[in-house]
Amino acid sequence: MNHKIFLILCGMVMVVLLSACASKSLPSEDIQASFVTVHHSVLHIPVNATYQWSPGFSRQVVAGKLHHVDMWGLLKQAIEAEMQAKGYRQISMAGQADINISFVAALTSALDDTAIQQQYGLVPGLIVNRVASGQYEKGTLIFDVINPKTQRLVWRTAGQALATLEAIPKADRKARIAAFVKKLLAFLPET
């Protein structure tokens, strides 16, 4: 029963995503996105929970065709904004946060679905049809929550969408990334 409800909710999220991601730079019929979330164990997240970037977390955007864009910075900003919107407070004191977070982002040309499956154990499964390879490429964002006490992965979500390879205004790209991150973290509990 819970599995059916989860599948229905995922379908509803996909419908919202497909209608909410419309942009002038990408025709609406080409907009595609796919998400998957995996709970590895139970982690109690208290009210007013704190987070920090995982120890050793570093620039984990795999190099690709978007040389003209600071994707790492834009993704990190969007994640921090969404965490704050959900009620999480960032702290810098090592070992004192309720959760640790990190992310990996890459285009298919640098990290394909087979490598994602092998390295991260899941694939969102976006199927791309009729895409101009010089204009768009499938991109993947994987977001992890680690229990700082056990250093074990407790929650992982991954999303895939078409990334615009051509130069677009930074504000447009930032808005697209923020919308994607919001949907990616939709099932992360609020505090």
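Need the failing condition index for ASP112 against (1) surrounded by fewer than 16 Cβ atoms within 10 Å (Cβ to Cβ); (2) under 13 Å from the mean Cα position of the chain (by Cα); (3) among the acidic types (Asp, Glu), just the number.
Result: ASP112 fails condition (2) only.
Conditions (1) under 9 Å from the mean Cα position of the chain (by Cα); (2) assigned to a strand (DSSP E or B), marked per residue:
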site	(1), (2)
GLY134	no, no
PHE143	yes, yes
GLY159	yes, yes
ILE168	no, no
LYS183	yes, no
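Quick one: count up the residues across the range 114-150 that are touching a residue at least 24 places away in the same chain (Cβ under 8 Å) and of a type outside the set (A, V, I, L, M).
16
Looking at the range 170-180, can you tell me whether even one residue there is without any contact (Cβ under 8 Å) to a residue 60 or more places away in the chain, over 19 Å from ILE79 (Cβ atoms) and out of contact with any Leu (no Cβ under 9 Å at 6 or more places or on another chain)?
No, the conditions are met nowhere in the range 170-180.
How many residues does the range 86-119 hold that are of a type in the set (A, V, I, L, M, F, W, C) and part of a loop (DSSP other than H, G, I, E, B)?
6
Taking ALA178, is it at pLDDT 90 or above, part of a helix (DSSP H, G or I), more than 22 Å from HIS39 (Cα to Cα) and over 18 Å from the mean Cα position of the chain (by Cα)? Walk me through it before giving the result.
Details: at pLDDT 90 or above: yes; part of a helix (DSSP H, G or I): yes; more than 22 Å from HIS39 (Cα to Cα): yes; over 18 Å from the mean Cα position of the chain (by Cα): no.
No; evaluated as a whole, the condition is false for this residue.
The values are calculated or read from the model by the stated rules, or taken from the named source; none is laboratory data. Note that the structure is a prediction, hence the values are computed from the model and not measured. Positions of Cβ are generated from backbone atoms using ideal geometry, with glycine treated the same way; all protein chains shown enter the neighbour counts.
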